[in-house]
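Data block below; observations after.
A short reminder: the numbers here are calculations on the coordinates, not readings from a lab. This is a predicted model, so every value here is computed, not measured. Cβ sites come from the backbone with ideal geometry, for glycine too, and all protein chains shown count toward neighbours.
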Amino acid sequence: MLVRIEGRELPGRECGPSPDAPSGYQNVHVGVQRRGHPGELLGLVPGDAPSVVWELEVTATAVAGGWDLRGPYVQGRPGGRFVYLSWGTVEADRGFAMFRRAKLLFNGVDREVLEAAVARGALVGRLGLTDVRGNPLCAAVGPPLIEWSAP
């Protein structure tokens, strides 16, 4: 099954200060983190892109009470699966340095939507990628911040 994540309203290439980075972050990018390989990212894009789309192949397996989604970019245990969007800076000499992540929760997908997605072979998640303070969206993300559908 295909999981398509459509991001809009990216926060820009700079992020305000934090305790770890008093001067903030520059050249911010975002990508989907591979399970077990935090430095391996799918579809790394600059934080000022107008929008972004990531497509992940997952396996949907029937389990008691629903479906379990698994794949190389799916994290977590059964019943608590998710996808990480990793935010970081990109530096020519050191590559990607993550400073925050958003956890897109599959347990927030409505049961009927997931059933339809499995039947149709695609699940789509749409979300804005900027938080209320203008920074990269982070922490656990479920509805209403992400809208899941079966096209």
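One line per residue, one yes/no per condition, for (1) on the phi < 0 side of the Ramachandran plot; (2) in contact (Cβ under 8 Å) with a residue 60 or more places away in the chain:
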residue: 36; (1), (2): no, no
residue: 57; (1), (2): yes, no
residue: 95; (1), (2): no, no
residue: 118; (1), (2): yes, yes
residue: 149; (1), (2): yes, no
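Against the conditions (1) within 15 Å of residue 5 (Cβ to Cβ); (2) surrounded by fewer than 15 Cβ atoms within 10 Å (Cβ to Cβ); (3) touching a residue at least 40 places away in the same chain (Cβ under 8 Å), residue 111 satisfies every one except (1). Counting only strands (runs of 3 or more DSSP E) wholly contained in the stretch 80-139, the ones carrying 3 or more residues that are over 23 Å from residue 59 (Cα atoms) occupy 82-91, 95-105. Evaluating residue 42 against the criteria (1) assigned to a strand (DSSP E or B); (2) touching a residue at least 40 places away in the same chain (Cβ under 8 Å); (3) within 14 Å of residue 4 (Cβ to Cβ); (4) not polar (S, T, N, Q) leaves one unmet condition, (2).
Please work out if residue 63 is under 23 Å from residue 51 (Cβ atoms), free of Cβ contacts under 8 Å to residues at least 40 places away in the same chain and loosely packed, with under 13 Cβ neighbours inside 10 Å. The answer is no for residue 63. In the set 117, 102, 49, only one residue is of a type in the set (A, V, I, L, M, F, W, C), within 16 Å of residue 11 (Cβ to Cβ) and buried (at least 20 other Cβ atoms within 10 Å of the Cβ); that residue is 102.
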